[in-house]
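Asks: Take this structure first; my questions come after.
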Amino acid sequence: MNKILLIIQREFLNRVQKKSFLIATILLPLIFPAIMAVLVFVAVEQKKNATKEVVYYVDESGFFVPDTTQFFFRKFEGDVNTAKIAFQYDDSYGLLYIPAFKLSDPKGIALYTKVNPGPNEVGELERILENRIKELKMQRLNIDQKLLDSLRTNVSILNVNLSEGGQEKNSDSRVLFGVGMTCGILMYMFIFIYGAQIMQGIIEEKTSKVVEVIVSSVKPFQLMMGKIIGLASVGLLQFLIWIVLITTLTSIVLGFFCLEMPQQQMMNEMGQQNPAMQNEGAMEFLKMMGQIPFGYVIFNFLFYFLGGYLLYGALFAAVGSAVDSPAEAQQFMFPITIPMLIAYFGLFTFILEDPHGSISIWLSIIPFTAPIAMMGRIAFGVPDWQLALSMISLIAGFILTTWVAGRIYRVGILMHGTKINYKVMAKWFMMKG
Amino acid sequence: MEALTTSNVTKRYTNHLALDQVSISIPQQTIFGLLGPNGAGKTTLIRIINQIINADSGDIFIFGEPLQEKHIGTIGYLPEERGLYKKLKVGEQLIYLAQLKGLSKKVATEKCKAWIRKFEITEWWNKKVEDLSKGMAQKVQFISTVMHEPKLIILDEPFSGFDPVNAQLITQEILELKAKGCTIIFSTHRMETVEDLCDHIALLDKSKKILEGSKKQVKETYRSNTYWVEHKGSFDLPKTKYELLEQQNLEDSFFKSAVRVIDDTSPNQLIRDLTLVTEVHSFFEKIPTMSEIFISLVKGGKNE
């Protein structure tokens with residue numbers, strides 16, 4: 001036991017003392033908020049400077065009432081042919097031609113532009129015209145303007161989760177989607193990066209041939225476990241530093257932008273729409289962020305990282321022990337990465353779309369896919385029994401892979417220049433003491 | 001009490017038998033040559049003694065006790081496939097390796113420093129191994145094998161990869177360690193090194209021990225009653241008593257002949273008989289070298 005501690009300590013110091021560790025640990029948390037800050041900044045600036053496009057219109061029907069939320073409408077006095085000629089010498093965005101039409105069958109409405117219009121612009125114009133025609137139709141049905149006004153409503157849906165205890169929780173599925181996606185992708189990356197590091201370390205030990213010196217002092221299994229646990233502790237340290245740095249930096253960045261964008265300005269930008277309601281939406285979003293149980297998510301992330309890392313780390317260790325060079329390792333990496341890839345693609349196809357579907361549940365319980373799949377689901381709320389089952393199966397999973405890997409490792413590290421295939425590895429696995 | 005005895009040690013790999021009922025016994029304070037061609041099972045036996053792998057059957061006793069985990073610190077092992085952590089500094093590395101052998105950090109540091117001084121390489125303490133030359137790394141490697149003061153030192157092909165200067169230094173160290181009471185197992189397929197270093201030998205071939213004993217005994221056993229004679233003028237000897245194995249013409253009428261005595265005729269009788277037929281210039285017994293014994297045994301085995 002004492003010797004495992006020595007190996008863990010050595011492995012930990014080796015990695016932590018490297019410059020690359022320092023750089024990765026300090027830079028990464030700086031990069032994320034920096035990217036966020038740049039994006040928020042650009043978005044804010046763009047909104048501030050955005051000028052509404054000018055659209056001229058020729059209205060032969062006489063029905064059109066401009067809605068200036070997205071466009072500045074200017075009426076062109078004259079017929080459509082003159083308008084088209086005039087439009088060519090003008091820098092306005094478009095020319096909307098509304099011929100006389102029957103309300104029951106609006107036809108011949110055209111938008112002339114110099115560049116291809118985006119779907120958003122066309123959609124917005126269609127929406128304006130449709131609303132207007134709807135209003136006119138309703139007027140024909142003798143519904144008065146007051147009633148029409150009262151019919152116009154703005155709806156924004158508020159999601160409320162009813163948890164098992166019957167507590168109401170507001171949630172916004174887009175935020176949960178984002179949290180799930182981020183956690184899932186990070187989990188995939190970290191397991192891969194750390195797993196590959198174990199493998200690389202073992203290949204190094206094998207090719208530098210120091211390994212036989214070491215195993216004359218410690219059992220191969222102790223060496224393998226020492227390395228795996230040593231690297232895990234490096235990973236945990238790195239996470240803790242990241243969490244602290246990211247939380248601090250993010251709150252600084254967010255604080256900065258909240259101060260920059262005072263309520264008044266927000267309201268101005270929202271234009272004619274109900275300012276109170278819009279403001280409420282923004283508040284709602286912040287409240288939503290506040291309601292994601294970050295402590296719970298982080299705890300689970302650490303648990304699944306550790307579990308997933310131990311599970312895959314052992315397999316990577318087995319591969320590293322069997323081969324003589326990283327190039328040779330490639331072919332054996334592939335089958336290991338398949339379950340990870342399944343979980344990764346599952347994340348986007350089922351898990352985030354339908355976090356409580358049966359495929360999602362199974363992926364989050366099978367130990368090979370659980371770390372990534374469960375991270376996708378965790379923010380949406382996972383029943384306790386599923387979480388417990390998943391955790392137990394993950395622990396069982398890594399005990400199994402560690403046992404298998406240990407048996408391959410003890411033989412593999414002493415073999416040089418052997419042609420390796422799965423049959424050979426199976427033979428090593430079966431070999432006694 | 002022997003430093004190490006193995007009795008009927010057998011190890012089978014999936015499709016071949018690596019060791020077949022191997023029993024050897026290594027007296028204390030000797031240099032013991034474990035000989036054999038490549039693939040004879042030497043490394044397997046050494047790995048079993050180092051508890052890197054387990055024997056399928058058989059017993060091993062080290063200084064009278066059954067071999068157990070606590071004996072790891074008793075043994076110093078220089079594997080044939082050897083190396084060091086390239087990125088680690090010499091000092092750190094030696095201390096780490098000594099700690100793995102069970103020394104406390106304090107003792108390990110003291111011992112390492114003493115050896116570093118002895119080899120006059122103190123200025124390497126903070127150098128990374130990858131910055132050392134091959135010869136320098138070999139010295140560090142040797143220190144890592146002996147610094148925890150093992151009573152049994154196992155050197156697997158110690159001179160392969162060592163330059164002559166280092167090989168000389170290592171030879172000296174080996175003799176010094178023996179004088180201090182250490183027992184040294186010396187595994188090799190290169191017989192020349194055995195000739196002058198080893199006291200005892202065991203010969204493994206095709207997983208079996210085919211010969212064991214002190215160097216003197218072995219040579220005695222494999223005396224072939226053959227004598228070299230340098231003489232002037234060719235000769236004929238009675239075919240019933242002697243066999244002329246070969247005759248080389250050195251120059252003019254000078255010859256060198258190998259003569260084997262068939263029955264228990266004494267060398268003196270041979271000289272007497274020779275003086276009758278030729279002019280004898282020199283006469284000496286053809287003592288087989290270890291290498292010759294080795295080759296004749298291994299080849300003999302193949303012909304069976």
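Asks: So between A:Leu22 and A:Lys75, what do we pick up on full extension, going 0.36 nm a residue minus the alpha carbon distance? Intermediate results must be reported in sequence, preceding the final value.
Replies: Numbers: separation 53, 0.36 × 53 = 19.08 nm, distance 6.35 nm.
Stretched fully, the A:Leu22-A:Lys75 segment lengthens by 12.7 nm.
Asks: Could you work out the mean projected area of the convex hull around the alpha carbons of the protein assembly as shown, in square nanometres to one decimal? Provide the component values of the computation, followed by the final result.
Replies: Values: hull surface 217.9 nm².
Computing the convex hull of the Cα atoms and averaging its projections yields 54.5 nm².
Asks: Using θ = phi - 60° and the Karplus form 6.51 cos²θ - 1.76 cosθ + 1.60, what ³J(HN,Hα) does each residue of segment B:93-102 get, whole Hz, x for Gly and Pro?
Replies: Each residue's phi maps through the Karplus curve to give 4, 5, 5, 4, 5, 5, 5, 5, 7, x Hz.
Asks: Same structure again: Once R0 is set to 51 Å, what does the formula 1/(1 + (r/R0)^6) return for the Cβ-Cβ distance between A:His416 and A:Ile243, expressed as a FRET efficiency to the nearest 0.05? Display every interim value, and only then the final one.
Replies: On the way: r = 42 Å, r/R0 = 0.83.
Working from the Cβ atoms, E equals 0.75.
Asks: Could you list log10 I(q)/I(0) for segment B:236-304 at q = 0.20, 0.24, 0.26 Å⁻¹, which the Debye formula gives when each Cα is one point scatterer?
Replies: -0.95, -1.14, -1.22
Asks: Hey, another quick one. Using modelled amide H (1.01 Å from N, peptide plane; none on Pro or chain starts), what sits under 5 Å from the amide H of B:Ala3, excluding residues fewer than 5 places away?
Replies: It is B:Ile26, B:Gln28, by chain and number.
Asks: Sum -39500 (n - 2.57) across every DSSP H segment of at least 4 residues in chain B, then divide by the residue count to get the 222 nm mean residue ellipticity, nearest 500.
Replies: On the way: 9 runs with 101 residues, N = 304.
That comes out to -10000 deg cm²/dmol.
Asks: May I ask for the Rg/Rh ratio of chain B, computed from Cα atoms with Rh as the Kirkwood radius, given to two decimals?
Replies: Numbers: Rg = 24.2 Å, Rh = 22.1 Å.
Looking at chain B, the ratio lands at 1.10.
Asks: Where the convex hull is taken over the Cα atoms of segment A:370-433, what is its projected area averaged over directions, in nm²? Spell out each step's value before the answer.
Replies: Numbers: hull surface 24.0 nm².
It is 6.0 nm².
Asks: Can you give the angle from 0 to 90° between the axis of helix B:267-277 and the longest principal axis of chain B, with both taken from C-alpha atoms, to the nearest 10?
Replies: Tilt of helix B:267-277: around 40 degrees.
Asks: Another one. Of all DSSP beta bridges in the protein assembly as shown, what percent run antiparallel (nearest 5)?
Replies: Numbers: 51 of 79 bridges.
Antiparallel bridges: around 65 percent, rounded to the nearest 5.
Asks: So how far, in whole Å, is the C-alpha centre of segment B:1-75 from the one of segment A:175-234?
Replies: Rounded to whole Å, the Cα centres lie 34 Å apart.
Asks: Give me the compactness ratio for segment A:88-141, meaning the Cα radius of gyration over 2.2 N^0.38 Å.
Replies: 1.31
Asks: Oh, and also: Hand me the trypsin sites (Lys or Arg not before Pro) from segment B:179-220 located in a DSSP loop with no more than 10 other Cβ atoms within 10 Å, in residue order please.
Replies: Working: sites: B:Lys180, B:Arg190, B:Lys206, B:Lys208, B:Lys209, B:Lys215, B:Lys216, B:Lys219; in loops: B:Lys180, B:Arg190, B:Lys206.
Hits after loop and neighbour filter: B:Lys180.
Asks: Here's another thing I want to ask about it. Report, by chain and number, residues whose modeled amide H sits under 5 Å from the one on A:Arg74, excluding near sequence neighbours (fewer than 5 apart, same chain).
Replies: Those qualifying (amide H under 5 Å, at least 5 residues apart or on another chain) are A:Val55, A:Tyr56, A:Tyr57.
Asks: At most 13 other Cβ atoms within 10 Å and a DSSP loop assignment: could you name the GluC sites (Glu not before Pro) in segment A:65-155 that fit?
Replies: Here the sparse-neighbourhood loop sites are A:Glu77.
Asks: May I pose another question? Grab the Cα-Cα distance for A:Thr337 and A:Glu53, subtract it from 0.36 nm times how many residues apart they are, and report the gain in nm with one decimal. Write down the numbers at each step before the final one.
Replies: Details: separation 284, 0.36 × 284 = 102.24 nm, distance 5.02 nm.
Length gained between A:Thr337 and A:Glu53: 97.2 nm.
Asks: With a cut-off of 16 Å, note down the residues of segment B:98-115 whose backbone N falls inside the zone around a label point 7 Å from the Cα of B:Lys180 toward its beta carbon.
Replies: B:98, B:103, B:107-115, by backbone N distance to the label point.
Asks: Using only the Cα atoms of segment B:1-133, construct the convex hull and provide its projected area averaged over every direction, in square nanometres to one decimal. Don't jump to the answer; show the numbers that get you there.
Replies: Values: hull surface 40.5 nm².
Quarter of the Cα hull surface area: 10.1 nm².
Asks: Name the trypsin sites (Lys or Arg not before Pro) in segment A:349-433 that are in a loop by DSSP and that have at most 11 other C-beta atoms within 10 Å, would you? Can you show the working numbers first?
Replies: Details: sites: A:Arg377, A:Arg407, A:Arg410, A:Lys419, A:Lys423, A:Lys427, A:Lys432; in loops: A:Lys419, A:Lys432.
Of the trypsin sites (Lys or Arg not before Pro), the ones in loops of segment A:349-433 whose Cβ has at most 11 other Cβ atoms within 10 Å are A:Lys419, A:Lys432.
Asks: Which semi-axis lengths, in whole Å and largest first, follow from the square roots of five times the eigenvalues of the Cα gyration tensor of segment B:186-304? If you can, show how the numbers build up before the last one.
Replies: Numbers: eigenvalues 215, 44, 37 Å².
Listed largest to smallest, the semi-axes of segment B:186-304 are 33, 15, 14 Å.
Asks: Further question: Which cross-chain or sequence-distant (5 or more) residues have an amide H under 5 Å from the amide H of B:Asp205, H modelled 1.01 Å from N in plane?
Replies: Close amide H contacts, sequence-distant or interchain: B:Ile210.
Asks: Follow-up. Read phi for every residue in segment B:53-70 and hand back ³J(HN,Hα) as whole Hz from Karplus 6.51 cos²θ - 1.76 cosθ + 1.60, θ = phi - 60°, with x for Gly and Pro.
Replies: Once θ is set to phi - 60°, the couplings for segment B:53-70 become 10, 9, 6, 6, 8, x, 10, 10, 10, 10, 6, x, 9, x, 4, 9, 4, 5 Hz.
Asks: Spelling out what I want: for every residue of segment A:79-92, take phi, set θ = phi - 60°, compute 6.51 cos²θ - 1.76 cosθ + 1.60 (Karplus), and round to whole Hz; glycine and proline get x.
Replies: 8, 5, 5, 4, 4, 4, 5, 4, 4, 4, 9, 10, 9, 6
Asks: Also: How far is it, in nm, from the label point at B:Lys232 to the one at B:Glu149 when both lie 7 Å from their Cα along the line to the Cβ?
Replies: 6.5
Asks: Here is a further query. Suppose each label sits 7 Å from its Cα in the direction of the beta carbon; what would the B:Arg190-A:Lys423 distance come out to in nanometres?
Replies: About 3.8 nm separates the two model spin labels.
Asks: Measure out, as a whole number of angstrom, how far apart the alpha-carbon centroids of segment B:229-299 and segment A:401-432 sit.
Replies: 57
Asks: OK, next. Choose one of A:Ser150, A:Leu363, A:Tyr409: the residue whose Cα lies farthest towards the positive end of the charge dipole of the protein assembly as shown (beta-carbon charges +1 Lys, Arg; -1 Asp, Glu; about the Cα centre).
Replies: A:Tyr409
Values quoted throughout were computed directly from the atomic coordinates according to the rules given, and no laboratory measurement underlies them. Keep in mind it's a predicted model, so treat the numbers as computed, not measured. When we count neighbours, we look across all protein chains shown, and the Cβ atoms used for this are built from the backbone with ideal geometry, even at glycine.
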